[in-house]
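The values are calculated or read from the model by the stated rules, or taken from the named source; none is laboratory data. For clarity, every value in this text was computed on a predicted model and none was experimentally measured. Backbone-built Cβ (ideal geometry, glycine too); neighbour counts: all protein chains shown. Quick note on the areas: whole protein, heavy atoms, side chains included, nothing else; ligands and nucleic acids left out. Shrake-Rupley method; radii C 1.70, N 1.55, O 1.52, S 1.80 Å.
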Amino acid sequence: MSRALLACLLAVALVAAPPSRADAPDAAAGATLDRSVRFLQDAQNLDGGFGGRIGQPSDPDFSAWAAYALAAAGINPQDQAKPGGTDVHTYLTRNTAGLSQTTDFDRVALVALASGTSPSAFGGVDPLSTILSRQLSDGSFPQIAGSSEGWINSTIWSIFPLSAIDRPDTDAAVQRAVDWLIAQQRPDGSWPSFSPSSWSDADMTGAAIQALNAAGRHATAAEERAFEYLRGAQGEDGGFEATPGSGSNSATTAWVVQGMWAAGQDPRSWQTTSGNEPLAYLASLQRPDGSIGWTASDDTNSLWMTAQVGPALAGRPYPLPPVPRRVEAPPRAADEQVSASAHVPPASHRGQGGFQLRRGAGVIAGGGGRGAPLFSAPQPQSGGATARGSRQVEATSAESAPPRTVRPHRVDSSLSDVGGVGVAGETRGSGAGGTVEGLLVGGDGSSAPAAPGLAGAGSGGNPQPGVLIALLGALLAAMAIGSRRERAGVRTA
């Protein structure tokens, strides 16, 4: 075998294998995330929004938090709706009248970016222009329009969406904001919670680490000092307390964990002398219904806490790249189904197969059918009743951008819709039955990073050489088509 072919096969194997990076949560965190996703899906109202608790009227703030948590779990907010109801993205675009504070516009801009829609046109507002217009001469952002005092939290939150936009004015705004933010760091490594004169706060310190990395300031001295401070904020239970003596809580722990993911640190390495670590602490706060409590004995704002914890469990710091939409694959003719079944391994308790030899087909990452043990999250709109795993599918004709695996992803905000990254597919399997949905990997015109558990979800475990060659052919076809279909204005920083 030539070195060139061996290198190509290795690249395919890396796409098909479960991630081994430090920013990959383990199975236990994934299971906690799955249960929290089911809880959030159950909590959604038919108007598309979310209240503070199940059954309460929808509120735009809680809805934005929930939408972003579901996006971190791989569900595009445009796809998240109860049967017969409205999706959460539409709900948010219909409820922009109450947006006033800078962080309000930051949140909906982040939802727009994660949904693959424009942060410059969200319902009846332009979040991006509003955010930019509020930046002060020192680089900071005030919380209230017209205020002359920049706040720590509103500056951090504004860095998140602006850092994902590929424009000279947003780039300049981000760098000025980061320079101001670093200047506000205290000697102990912490950042204040609101104004520069307020108390030190572990939540904001974890968020600041994310902002530095989102802006491209990696492995800085400021980051090192921040982690030193956070070491002292960790409790023996593995969690983190917002202020000294307040005790560990889920929200603070989630913000710190996201800072770790952003900096390439593994939260599981932050073990206390008792062997506790942050992800296990978050899991310990999960209730039987899937919600996450504020503390072990306090369920205040359980939906909000569950939404805040979601990105940390998913290993996703701010900002998220666009989440692929769910796209239904065209149905196969009966003779095509019979022909294709000859290439598919028999169904098993771990789902059906992980490869497909027919041209134009691919592997689905995150589909599988009821009962599959290897799935990363419930299917969108299933209310948590239908699992995901791995199954071969027919490719769709939807366009997609080339695979992008480095965060943060940056987009041209002038596009009305910057979605289409990756392709989701749906088919009714020929061996095990049931609907299968997820990210299509290796099909014509598409190539998306494989989901955790993909290689092991087939009947035969890891792909064999023949499978890798088949995947290589599909990947090369995808690259050729993808290069012709690349959308202007979309790039990775």
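How much of the accessible area of the range 67-180, in percent, comes from carbon and sulfur atoms when a 1.4 Å probe is used?
Numbers: 1700 of 3480 Å².
Carbon and sulfur: 49 percent of the exposed surface of the range 67-180.
Compute the FRET efficiency between Arg94 and Ser195 as 1/(1 + (r/R0)^6), taking r as their Cβ-Cβ distance and R0 = 41 Å, and round to the nearest 0.05.
Here the calculated transfer efficiency is 0.80.
Take the solvent-accessible surface of the protein heavy atoms, probe 1.4 Å, and return the percent of it on the range 198-258 that carbon and sulfur atoms account for.
54 percent
Please work out how much length the chain gains when fully extended from Ala31 to Glu149, using 0.36 nm per residue of separation minus the C-alpha to C-alpha distance, in nm with one decimal.
Stretched fully, the Ala31-Glu149 segment lengthens by 38.2 nm.
Convert each backbone phi in the range 88-101 into a coupling constant with the Karplus relation 6.51 cos²θ - 1.76 cosθ + 1.60 (shift: θ = phi - 60°), then list the ³J(HN,Hα) values in order as whole Hz, x for Gly and Pro.
Karplus values, whole Hz, x for Gly and Pro: 5, 5, 4, 4, 5, 5, 8, 10, 9, 5, x, 5, 9, 7.
Say each of Ala219 and Arg186 gets a label point 7 Å from the Cα, pointing the same way as Cα to Cβ; how far apart are those two points in nm?
2.9 nm
If you average the alpha carbon positions of the range 263-289 and of the range 158-229, how far apart do those two centres end up, in angstrom?
The two parts, judged by their Cα centres, are 24 Å apart.
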